[in-house]
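Undergrad: The structure is given below, and queries will be raised subsequently.
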Amino acid sequence: MSRTNPLGARAQNRLVNTAVLALLIVGALVMIAPLVWMLTTALKTKAEVFALPPVWIPDPPQWETFTRMWTEAPVLSGIRNSLIVALSVTIVGSITSSLAAFALAKLHLPGKNVIFLGLLAGLMVPFPALMIPQFVMFSKAGWVDTLLPLIVPYLFGNIIMIFFLRQYLSSVPDSMIEAAKIDGASYPQIFRVIVLPMIRPAIAAQFILWFMTIWNDYLAPIIYLNTPSRQTLQVVIANLNVQYATQRDYPLIMAASVVALLPILVVFLIFQRQIIESVALTGSKG
């Protein structure tokens, strides 16, 4: 009867862990290299951007590029407009999506499965098929060149978020809801006291994904927004690319891109614990 050598097994585990760590380090470097290049390019001179071999560390850093960015482009108004759109849509939309998921998962509604399937069918319709009808509708309403077409349609919820939260709520026992109803709690009270604390990690995970989608959206804003002071940040950066790329002023473009990245980073840092909790709870329930 053979016995496993504990020292040999320990050395083998250490070797495997070292190989996995090395692989993760290489993957992290590959993923972070474009971000580092974007930041360093914002601090370079025009000559250093096209220098061969490539210059990774500018000498000296051109910090005035970030100052010049605010005066040569409507970046500040772009940030303001993007924040108005992203925050209003994601905050109000997350509330309506949560209520819709709760209703579809736990309330005894006639035909709720048909409604849910209809929502899922809406995901199969590509946005380019809706662009012209939506533009005509919003044009007749006088909403073109305003932020309303980017905000109002999404205040009533996100289908993907509704689907995710509904599946998340399906594991909640119906007996909890029934017990609360017997105790005299109304459905708004049940949602606020029982359901909302349970799905808060899932809402946080979907919130940051939705915020990133709205913040980085370019197609819808470029269709509806014409006035520079009303354009979102992504459209402002695209206009910078058109205006300054011919002048090879890539540091200015990269500086605006760095600023556009900061709000997403802040939102992720705020909700990272809830996102990890959401993934952990989903794994434990599976």
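The values are calculated or read from the model by the stated rules, or taken from the named source; none is laboratory data. This structure is a prediction, so every number in the text was calculated from the model and none was measured. Counting neighbours? That spans all protein chains shown, and the Cβs are built from the backbone with ideal geometry, glycine included. Protein only, heavy atoms only, side chains kept; ligands, DNA and RNA dropped before computing areas. Shrake-Rupley method; radii C 1.70, N 1.55, O 1.52, S 1.80 Å.
Undergrad: Could you identify the single residue in Ala260, Ala238, Ala255 that is open to solvent by less than 30 Å² (accessible area, probe 1.4 Å), under 23 Å from the mean Cα position of the chain (by Cα) and more than 21 Å from Trp63 (Cβ to Cβ)?
TA: Matching residue, one of Ala260, Ala238, Ala255: Ala238.
Undergrad: Say we look at the stretch 48-74 and pick out the residues that are open to solvent by less than 90 Å² (accessible area, probe 1.4 Å) and in a helix (DSSP H, G or I); which of these is nearest to Gln243 (Cα to Cα)?
TA: Here the residue is Glu72.
Undergrad: Continuing with the same structure: Which one of these is within 30 Å of Leu225 (Cβ to Cβ) and not assigned by TED's automatic domain parsing to the domain that holds Tyr218: Ala28, Ala33, Ala11, Ala42?
TA: Ala42
Undergrad: Further question on the same structure: Just one of (1) surrounded by 12 or more Cβ atoms within 10 Å (Cβ to Cβ); (2) under 17 Å from Thr213 (Cβ atoms) trips up Pro126, so point out which.
TA: (1)
Undergrad: So Ser82 passes all but one of these: (1) among the polar types (S, T, N, Q); (2) buried (at least 17 other Cβ atoms within 10 Å of the Cβ); (3) farther than 22 Å from Tyr218 by Cβ. Which condition number does it fail?
TA: All conditions are met except number (3).
Undergrad: I would also like to ask the following. Among the residues of the stretch 105-126, is any assigned by TED's automatic domain parsing to the domain that holds Ile159, under 25 Å from the mean Cα position of the chain (by Cα), under 28 Å from Leu261 (Cα atoms) and modelled with pLDDT under 90?
TA: Checked the stretch 105-126: at least one residue is assigned by TED's automatic domain parsing to the domain that holds Ile159, under 25 Å from the mean Cα position of the chain (by Cα), under 28 Å from Leu261 (Cα atoms) and modelled with pLDDT under 90.
Undergrad: Return the residue satisfying two criteria in turn: it lies in the stretch 85-96 and is closer than 12 Å to Ile214 by Cβ and of a type in the set (S, T, N, Q), and of such residues it is surrounded by the fewest Cβ atoms within 10 Å (Cβ to Cβ).
TA: Looking at residues that are closer than 12 Å to Ile214 by Cβ and of a type in the set (S, T, N, Q), I get Ser88.
Undergrad: Further question: Among the residues of the stretch 168-185, which ones are closer than 21 Å to Ser94 by Cα and loosely packed, with under 14 Cβ neighbours inside 10 Å?
TA: Ser170, Ser171 - these are the residues of the stretch 168-185 that are closer than 21 Å to Ser94 by Cα and loosely packed, with under 14 Cβ neighbours inside 10 Å.
Undergrad: In addition: Going through Ile160, Ile132, Ile151 one at a time, which residue ends up being part of a helix (DSSP H, G or I), closer than 24 Å to Asn81 by Cα, of a type outside the set (S, T, N, Q) and open to solvent by 60 Å² or more (accessible area, probe 1.4 Å)?
TA: Ile132
Undergrad: How many residues, within the stretch 23-47, are under 22 Å from the mean Cα position of the chain (by Cα), open to solvent by 80 Å² or more (accessible area, probe 1.4 Å) and more than 18 Å from Val259 (Cβ to Cβ)?
TA: Number of matching residues: 3.
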